[in-house]
Amino acid sequence: MTGLDRGHNSIKSRLITIVVLSQTLLAAGLLVTGTLYTHRQMLSTLDGHIQAHAMSVAALVRYKEDATGNVYFDDSLMPLSVDPSHPDWFAVWTERSGLLTRSANWPAGFQVSPEGPDHWSFSWAHARYRGLRLFQVPVLDREEGKSFRPQTLIIVYVSPAARLNQQVKRSGLYIALSSLLLLAVTIPVALWGIRRGLSPLQELAERAALISTDNWELRLPEEIQQIEELRPLTASMSTMLGRLRHSFDQQGEFLGNTAHELKTPVAVLKSTLQSLLQRPRMSEEYRAGIEHSLEDLERLEQLLQWILRLARAEQWARGALRRDLQVVDITATCEDAVERIRALAGSHNTTIHLSKNGPMFFRADPEDLQLVWLNLLENAVRYSPEGGSVEVAVSWGSSGGAQIVFEDHGAGIAPAHLPHIFERFNRGDPSRNRATGGFGLGLAIVKALVEAYGGVITADSTLGKGTRMTVVLPAAPNS
């Protein structure tokens with residue numbers, strides 16, 4: 001993995017990038033906003049200055065009674081230009097006589113109409129200018145006591161905007177330098193805050209690295225446990241460690257129980273063979289010893305098959321194995337299982353009653369389903385009283401799935417043992433007793449297979465009244 005890839009996969013790098021970009025955007029926004037605001041304010045100031053000069057020009061227009069009874073312009077008191085290198089221009093129109101006068105420096109070829117917007121900006125001779133039009137300006141100076149025919153003026157006044165642009169640029173430069181200075185100060189502070197804020201994650205990782213098969217506790221300081229953003233993570237890690245510990249303990253217990261179960265038939269087989277070799281025997285004795293050894297080997301083989309079947313079922317339930325499944329009728333698989341168990345039921349003088357609600361189709365391996373039903377039926381028959389009955393009901397559950405119920409009327413299971421009946425090699429209840437020939441794996445395989453198909457199995461039992469096993473599978477009704 002390259003350094004660039006590591007940077008993209010680093011939370012710290014991403015946060016630093018976000019902080020730098022956000023601070024840069026903030027500085028750019030301040031620069032643009034400050035520059036625009038400064039330009040607007042200075043432009044407003046320039047417009048006020050131009051208007052004041054334009055009114056000064058209006059004050060120089062005088063009315064004097066003469067043969068024409070008109071007005072004239074007295075340019076002896078002209079206002080000074082703001083920028084001597086670029087003098088102001090102006091032009092005055094009267095209401096009736098038209099153009100009255102223009103400033104001496106009015107540029108040749110520059111045409112302007114007395115009509116148009118009040119304010120406008122333009123370029124002339126590679127320089128920027130700001131123009132102002134004043135309409136209906138009265139003649140302020142006239143001779144007293146004389147007859148006067150009112151006239152209004154239109155004044156166009158133009159002033160250079162070079163200084164405005166320079167001041168705006170200086171303001172923008174000042175804002176930019178100030179923003180860069182703030183960036184230089186705030187970014188290191190933000191980076192320090194990010195590193196400090198992520199330090200609990202580093203400590204959490206260091207504490208998690210201490211977890212081992214000898215130490216399953218995630219011991220975290222109080223300040224880390226109080227961090228709100230880390231609470232879901234630490235809670236999930238604690239839950240995960242608890243499950244891993246339980247699974248690890250189960251695996252260890254499973255290996256120990258498996259070794260114990262294998263040890264018994266191997267020891268018996270070894271003892272039988274050793275006794276046969278201790279002294280010469282008759283052929284009938286050899287035959288009897290070999291037959292006993294074959295029985296022990298058969299039991300050992302059966303145990304290995306059950307262990308292998310349980311391992312495969314649990315792997316499939318975890319999604320480690322994929323199989324091509326066919327659509328089968330759950331009701332039909334239950335009927336086959338009942339027929340296969342009738343011989344055992346007859347030997348116990350037990351009656352099996354099957355109630356059904358038509359076909360229920362489900363995508364599964366029929367051998368898996370029959371193995372589930374046979375295990376549950378065998379347990380129900382073995383621990384039903386002599387002459388008792390076992391009820392099997394196949395129907396639609398309240399949740400919409402197929403519900404298969406196996407109920408016996410035997411001694412029942414003690415409440416202390418009921419939560420553990422689906423555990424491997426558990427024989428705390430009567431159905432897990434070695435004397436009956438079982439290995440304590442049947443219900444564990446049943447649970448693994450049911451969960452592998454997305455179903456649920458539950459057990460309810462009352463001492464002295466019997467046990468009910470309920471399997472719910474997500475089957476779909478037959479269309």
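The values are calculated or read from the model by the stated rules, or taken from the named source; none is laboratory data. These numbers come from a predicted model, not from an experiment. Here Cβ is always computed from backbone atoms with ideal geometry, including for glycine, and neighbour counts include all displayed protein chains.
Residues checked against (1) closer than 27 Å to Leu132 by Cβ; (2) within 48 Å of the chain's Cα centre (by Cα):
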{"position": "Ile18", "(1), (2)": "no, yes"}
{"position": "Leu21", "(1), (2)": "no, yes"}
{"position": "Thr24", "(1), (2)": "no, yes"}
{"position": "Thr35", "(1), (2)": "yes, yes"}
{"position": "Gln41", "(1), (2)": "yes, yes"}
{"position": "Ser44", "(1), (2)": "yes, no"}
{"position": "Gln51", "(1), (2)": "yes, no"}
{"position": "Met55", "(1), (2)": "yes, no"}
{"position": "Ala59", "(1), (2)": "yes, no"}
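Taking the condition modelled with pLDDT of 80 or more, in contact with a helix residue (DSSP H, G or I) (Cβ under 9 Å, 6 or more places away or on another chain), of a type in the set (Gly, Ala, Ser) and under 26 Å from Arg299 (Cβ atoms), does Gly410 pass?
Yes, satisfied.
Look through region 192-216, keep the residues that are more than 25 Å from the chain's Cα centre (by Cα) and in contact (Cβ under 8 Å) with a residue 24 or more places away in the chain, and return whichever of them is farthest from Ile11 (Cα to Cα).
Here the residue is Thr213.
Quick one: would you say Leu233 is surrounded by 11 or more Cβ atoms within 10 Å (Cβ to Cβ) and touching a residue at least 60 places away in the same chain (Cβ under 8 Å)?
No, not satisfied.
Taking region 179-191 as the search range and keeping residues that are touching a residue at least 40 places away in the same chain (Cβ under 8 Å) and small (Gly, Ala, Ser), which one is farthest from Ser22 (Cα to Cα)?
Ser179
For region 92-103, check the following and say yes or no: at least one residue is surrounded by 11 or more Cβ atoms within 10 Å (Cβ to Cβ) and at pLDDT below 80.
The answer is yes, given that some residue of region 92-103 is surrounded by 11 or more Cβ atoms within 10 Å (Cβ to Cβ) and at pLDDT below 80.
Restricting attention to region 49-91, which residues are at pLDDT below 60, acidic (Asp, Glu) and in contact with a strand residue (DSSP E or B) (Cβ under 7 Å, 6 or more places away or on another chain)?
Listed by number, the list holds a single entry, Asp74.
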